[in-house]
1. Residues in region 133-141: is at least one under 11 Å from the mean Cα position of the chain (by Cα), closer than 29 Å to Lys22 by Cα and crowded, with 18+ Cβ neighbours inside 10 Å?
2. Of all residues in region 81-113 being touching a helix residue (DSSP H, G or I) at 6+ places or on another chain (Cβ under 9 Å) and open to solvent by 40 Å² or more (accessible area, probe 1.4 Å), which is nearest to Glu47 (Cα to Cα)?
3. Would you confirm whether any residue within region 40-58 is farther than 17 Å from Glu109 by Cα, modelled with pLDDT under 95, open to solvent by 50 Å² or more (accessible area, probe 1.4 Å) and in a strand (DSSP E or B)?
4. From the residues in region 150-179 that are among the aliphatic types (A, V, I, L, M) and under 27 Å from Asp19 (Cβ atoms), which one is surrounded by the most Cβ atoms within 10 Å (Cβ to Cβ)?
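The values are calculated or read from the model by the stated rules, or taken from the named source; none is laboratory data. Fair warning: this is a prediction, and the values are worked out from it, not measured in the lab. As a convention, Cβ positions derive from the backbone with ideal geometry for all residues, glycine included, and neighbour counts pool all protein chains shown. All accessible areas refer to the heavy atoms of the entire protein, side chains included, with ligands and DNA or RNA removed. Shrake-Rupley method; radii C 1.70, N 1.55, O 1.52, S 1.80 Å.
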Amino acid sequence: MEMLEIQPSKKLIDVHQGDLEKDIIPEQRDFPYKVINIVVLAKMKFENEETKIDFDELQKNIEAKRLNRFPCVLFKIDNISIILFKNGKAIITGLKKHEEIDRIAKKMENLLRNQGKLNFISLSTEIQNLVIMSRLGKIVNLELACITLTNCLYEPEQFPAAIVKPPLGGTFLIFSNSKIIGLGMRSMEMVQKSLKYLISEIFENDLFINVNFDDTLEDSLDDEFFF
């Protein structure tokens, strides 16, 4: 029996963290992406694990807002939003650089200890979600993408993007104007591997509409949409 030799793809794709404001060259094979939001889980360790934070007392000392329907308060440090729960866990959202995590966590710890009068042993942090944005520079055929890519859903009446969950992790929103939003990843390694896999699949299957790319097709979503 004659063996079928599978040739490697000639369209090698790579991705890198870079500037999306520069012109994207559709023929290029190295695509930039930027981090637009880092969501971090912070945990306070108390001597008594059953300790619950008294929000009434806390609000006497720091400016915090109660959120409807949820047992938590919201306050900000350097325009970074922090949602604090009674059990000492907190969600930090709005960060864009990894080096900001330790700085904001330290300020949060000092604020809660000194002004908030909370007595806890330590504060730890862990990345829960990285949200990234990339662009392909070519108009994507979302209908074709939906029937070609694995784990892809496209319902334009509900949402103007195809939702894809690659096997390497994360969830990606592909807009027809070439913009890609990725979320649900916890490390830059996962971002690199999963985004590279997705873009390679798009190019390998030629999921594009062959018309000139027009900047007027830009959608209205911006960074604030994901905070």
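1. Yes: region 133-141 contains one or more residues that are under 11 Å from the mean Cα position of the chain (by Cα), closer than 29 Å to Lys22 by Cα and crowded, with 18+ Cβ neighbours inside 10 Å.
2. Lys86
3. Checked region 40-58: no residue is farther than 17 Å from Glu109 by Cα, modelled with pLDDT under 95, open to solvent by 50 Å² or more (accessible area, probe 1.4 Å) and in a strand (DSSP E or B).
4. Only one residue fits best here, namely Ile174.
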